[in-house]
Amino acid sequence: MDAQPRASADPIHSGAAPLVLVGVDGSAGSLTALRWAMHWALVRGAEVAVVAAYPTSRYWSDAEIIDLGALDAVHDDTWARARAAVDAVRDSDPAVGDVPVSLHIEPGPAAAQLVRHSADADLLVVGSRGRSALRSALLGSVALHSVSAAECPVVVVPLPGRWAEPRAGSQVVVGIDGSERSATALTAALTQAGPGGSVTVVRAVDVTDLWSDQYPVVSGPSQQQLRDDARRRMEVTLGELLLATTDEPPTVQRLALRGQAGPVLVEQAAGADLLVVASRGHGEFRGLVFGSVALHCVVHAPCPVLVVRPAARQSASRSTLVASAASR
């Protein structure tokens, strides 16, 4: 029988402030994600819950025997490494020194623990292994599993580049396509940019749109007509959202560009602080849907990527984010 290791007894969320959940495993990628999460919490008056997972006996062969004492030692070593990661970020970045952080050391696979706790979080932040590793090991990626299954919005943070840590007045790029889920992404982008920030709204117009049911093949519109139609739709959606904004809205730029959505968004994200995209829903990435715009952005974007989806839990999280931004 597997020995039952002890897990963190502390609640994941006090409920007093927004919660950002972040996975830490000692890698450079997770340290970058932790720093990003702590800055996000600083801007929004949020709490940070650090989750670190450790293996139990069921991940060893039958020939191996791990007693409770050994599991306790693994638990304590994992706690010490997570504590050291938090201390390292605070020591190198005094601005986040007072951000409240709790440690949660859990037995079992890291992705499963992050997804389990995501039901109580407003945002989940994970690091990537770097572009090459993601391309070669998509199924084993904690980041992609979290994006696929989490109950809250997820940010995937690449290793440091030209993007800046979360701050008031961020530069945000968001992809829209006229669907309900892209309206959710646009709302999140406006919130993340905040007053003094900027949002670039991108609608990619692919040549394949000419062959859709909406446009007859024989008398279909030109690419210019498609772009004009995309701009008109953007204006309608933006107008409704900006009217509902109680705080000073960020500066908004509208772009309708020819090309496939994934590559277009990745190109526009160069120099941005955050790229926001919408997922179709749970399980989108489980079958390695290489055509997914969100998947392409998570793998290739040069800046952190926020993935949202229009679900009940998502709506609750979005309300929290909007309220916290308006209170600044």
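Numerical summary
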{"read-out": "The one condition in (1) within 30 Å of residue 93 (Cα to Cα); (2) hydrophobic (A, V, I, L, M, F, W, C); (3) in a strand (DSSP E or B) that residue 188 fails to fulfil", "value": "(3)"}
{"read-out": "Residue, farthest from residue 306 (Cα to Cα), within the stretch 110-147, restricted to residues that are buried (at least 24 other Cβ atoms within 10 Å of the Cβ) and modelled with pLDDT under 90", "value": "142"}
{"read-out": "In the stretch 87-108, residue nearest to residue 16 (Cα to Cα) [restricted to those that are touching a Leu at 6+ places or on another chain (Cβ under 6 Å) and part of a helix (DSSP H, G or I)]", "value": "96"}
{"read-out": "Of all residues making up the stretch 151-168, the number that are under 19 Å from residue 187 (Cα atoms), among the aliphatic types (A, V, I, L, M) and assigned to a loop (DSSP other than H, G, I, E, B)", "value": "1"}
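The values are calculated or read from the model by the stated rules, or taken from the named source; none is laboratory data. Keep in mind it's a predicted model, so treat the numbers as computed, not measured. Positions of Cβ are generated from backbone atoms using ideal geometry, with glycine treated the same way; all protein chains shown enter the neighbour counts.
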